[in-house]
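Here is the structure we will look at.
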Amino acid sequence: MRYALFSDIHANIDAFDEVLADIEATGVDKKLFLGDIVGYGPDPQVCIDRLLEVADVSLGGNHDWAAVGLTSADYFNPYAKAALDWTISQLREDQVEFLKRTQPSLIYDGFQLAHSSPLAPAEWRYILNHQEALDNYPYIEHNLCFIGHSHQPLVIEYTTPQTVRVLRPSPLISLDPDIRYIVNIGSVGQPRDSIVESCWVLFDSEERTVSFRRVPYDVETVQRKMEAHDLPRYLIDRLALGR
Ligand code: ZN
């Protein structure tokens, strides 16, 4: 089976539609979304509607849950909080109900999906350093967990339970079925690895390979829409920087 995995769309429909076009051109069996459909960007309503049309699975992220009162936004920075307050004013009631039903993690077709981490999916922890990677090892199911949340694509390979190697995202990485991996699939709507293009991942379960794909989109159009909605300048500027 070929799976398209994508995450952290953040109300960026221009990026989402370009990624969906690339997914269609590539050809996949299933489309799996790892959370944060809203927050930051100018098109929360359209993005949720599109997601419901196309996705086979949709997890909830911290922005999704904060938008519907399932998790606190107290730790959000002022820019994220301002975007969240605007997002809340935009959502339809049926969309609120949809977000309330999302899960932060799931076992799907013999692998694991989580927005933030296998260790504590609803605590929205990051996996950014060696110790955090080691802490997650016991919680990885079926040797393979896909995550989003940090907007930083990478592959963590556990050569032993105490030894990790970080693999840079590349067009083709082979996974050893006998060892554990966490694959961070990056972000569609707000990449933060200094690359402006959207990121998504193709996973081939028979070949046991992952391919990181980058897709350009019209950043200026998104920035103009954010300006029209008075979203924070910091959030507008960072899209063009990829961070
Ligand atoms: Zn996010």
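The values are calculated or read from the model by the stated rules, or taken from the named source; none is laboratory data. Every value quoted in this text rests on a predicted model; they were computed, and no experiment measured them. Neighbour counts are summed over all protein chains in view; Cβ atoms, including those assigned to glycine, are modelled from backbone coordinates with ideal geometry. Ligands, DNA and RNA are excluded from the accessible area calculation, which covers all protein heavy atoms including side chains. Shrake-Rupley method; radii C 1.70, N 1.55, O 1.52, S 1.80 Å.
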Practice item. May I ask you to give the solvent-accessible area per residue for the range 1-134, in square angstrom, as obtained with a 1.4 angstrom probe? Key: 39
Check your understanding: Summing -39500 (n - 2.57) over the DSSP H runs of n ≥ 4 in the chain and dividing by its residue number, what mean residue ellipticity at 222 nm do you reach, to the nearest 500 deg cm²/dmol?
Key -> -9000 deg cm²/dmol
**Study point:** trypsin sites (Lys or Arg not before Pro) within the range 74-130, DSSP loop, no more than 13 other Cβ atoms inside 10 Å
**Key:** Arg92, Arg101
Practice item. Please figure out what share of the DSSP beta bridges in the range 2-238 is antiparallel and state it in percent, rounded to the nearest 5. Key: 70
**Study point:** Full-extension gain in nm, His142 to Arg168, via 0.36 nm per residue minus C-alpha separation
**Key:** 7.1 nm
Revision key, fill the gap. Between Ser58 and residues 5 or more places away or on another chain, the pairs with built amide H atoms under 5 Å apart involve Phe33
Study note, to complete from the structure: The distance between the Cα centres of the range 191-234 and the range 37-94, in whole Å, is 17
**Study point:** Residue-wise HN-Hα coupling along the range 219-234, computed from phi with Karplus coefficients 6.51, -1.76, 1.60 (Hz; x: Gly, Pro)
**Key:** 4, 5, 4, 5, 4, 5, 5, 5, 4, 4, 9, 6, 6, x, 4, 4
**Study point:** Phi to ³J(HN,Hα) by Karplus 6.51 cos²θ - 1.76 cosθ + 1.60 over the range 86-95, Hz, x for Gly, Pro
**Key:** 5, 4, 4, 6, 9, 6, 7, 4, 5, 6
**Study point:** Tally of Lys pairs whose C-alpha atoms are under 24 Å apart, taken over the chain, 8 or more apart or cross-chain
**Key:** 4
**Study point:** Separation in nanometres of the label points that stand 7 Å from Cα toward Cβ, at Gln103 and Asp178
**Key:** 3.1
**Study point:** Phi-based couplings in Hz for the range 105-117 (Karplus 6.51, -1.76, 1.60; Gly and Pro marked x)
**Key:** 7, 6, 9, 9, 6, x, 8, 10, 10, 8, 5, 10, 7
Review point. To the nearest 10 degrees, how steeply does helix 13-26 sit against the main Cα axis of the chain, on a 0 to 90 scale?
Key: 40
Study note, to complete from the structure: Largest-first ranking of Thr102, Thr26 by accessible area, probe 1.4 Å, whole protein assembly kept, is Thr26, Thr102
